[in-house]
């Protein structure tokens, strides 16, 4: 019996187009992440009897924080010289270039502003928002897979993916190396994180220790990023000669912060 030694991946990232309008898997999965996040947080709102309109306002803050933070994060962390010299290019988000670290900073900033408006502690919102955010991370990485982007280095493992669309049309399959599907690795890690966070929230009867869920989210999400970056292709040229790449350096303080949040979550009294 012949054993599978690679997976040929040649999915068209575009689902369909109508004139200039193009509908792509990545965009659909981004939209789905917000929809599912909204539906999930709606359950929290009902369970905790939060004020009417709370979720709608929160969604607007998170959406703006995510998009602005992710875009600025990519532009300023990975290609600052280019984008500072061509600031108008920052607005061209449809050309790609979003960074999860920037999204994290954007969301935290947005939630801080939202907490001031609603008079609730920022950590209260963070502990709940990270549950749908973890689920969104799964969908976004699947979007990267559909785009045949952000994958790993060459591998001989049987589940290695041959990303056909990253090579000139007509390139023989045997000339295309199999790569680690790091998008799937990350998606599975984030899915595990989502399940853990949701179960802790549910087990605590919607009253988790303040900072506990946020701390776990930081450790799972960015700890995963540190590990997987070792087998991921560099996102930008300057990372090629770095022992730890930009994503890993940005992840380390977030993992440390996660440990600190968990430590203080168990030191203070339960909410």
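The values are calculated or read from the model by the stated rules, or taken from the named source; none is laboratory data. Note that this is a predicted model, so its numbers are computed, not measured. Don't worry about glycine lacking a Cβ; one is built from the backbone with ideal geometry, like all the others, and counts go over all protein chains shown.
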Search result, residues across region 227-246 that are under 21 Å from residue 75 (Cβ atoms), in a helix (DSSP H, G or I) and at pLDDT 75 or above: 229, 246
Residue in region 29-42 that is in contact (Cβ under 8 Å) with a residue 12 or more places away in the chain, surrounded by 14 or more Cβ atoms within 10 Å (Cβ to Cβ) and within 30 Å of residue 173 (Cβ to Cβ) present: yes
Subset of region 205-226 [in a loop (DSSP other than H, G, I, E, B) and either under 16 Å from residue 121 (Cα atoms) or touching a residue at least 40 places away in the same chain (Cβ under 8 Å) (or both)]: 206, 207, 208, 209, 210, 211
Residue within region 166-187 that is closer than 25 Å to residue 31 by Cα and in a loop (DSSP other than H, G, I, E, B) present: yes
Odd one out for residue 220, checked against (1) at pLDDT below 95; (2) over 30 Å from residue 16 (Cα atoms); (3) in contact with a helix residue (DSSP H, G or I) (Cβ under 7 Å, 6 or more places away or on another chain): (1)
Qualifying residues in region 52-76 (those that are more than 16 Å from the chain's Cα centre (by Cα) and touching a residue at least 60 places away in the same chain (Cβ under 8 Å)) - the one farthest from residue 207 (Cα to Cα): 57
Filter pass, residue 197 being crowded, with 22+ Cβ neighbours inside 10 Å, part of a helix (DSSP H, G or I), modelled with pLDDT of 95 or more and within 16 Å of the chain's Cα centre (by Cα): yes
Matching residues, region 1-14, being surrounded by 13 or more Cβ atoms within 10 Å (Cβ to Cβ) and in contact with a strand residue (DSSP E or B) (Cβ under 6 Å, 6 or more places away or on another chain): 6, 7, 9, 13, 14
Residue count, region 134-165 (criterion: in a helix (DSSP H, G or I) and more than 21 Å from residue 98 (Cα to Cα)): 1
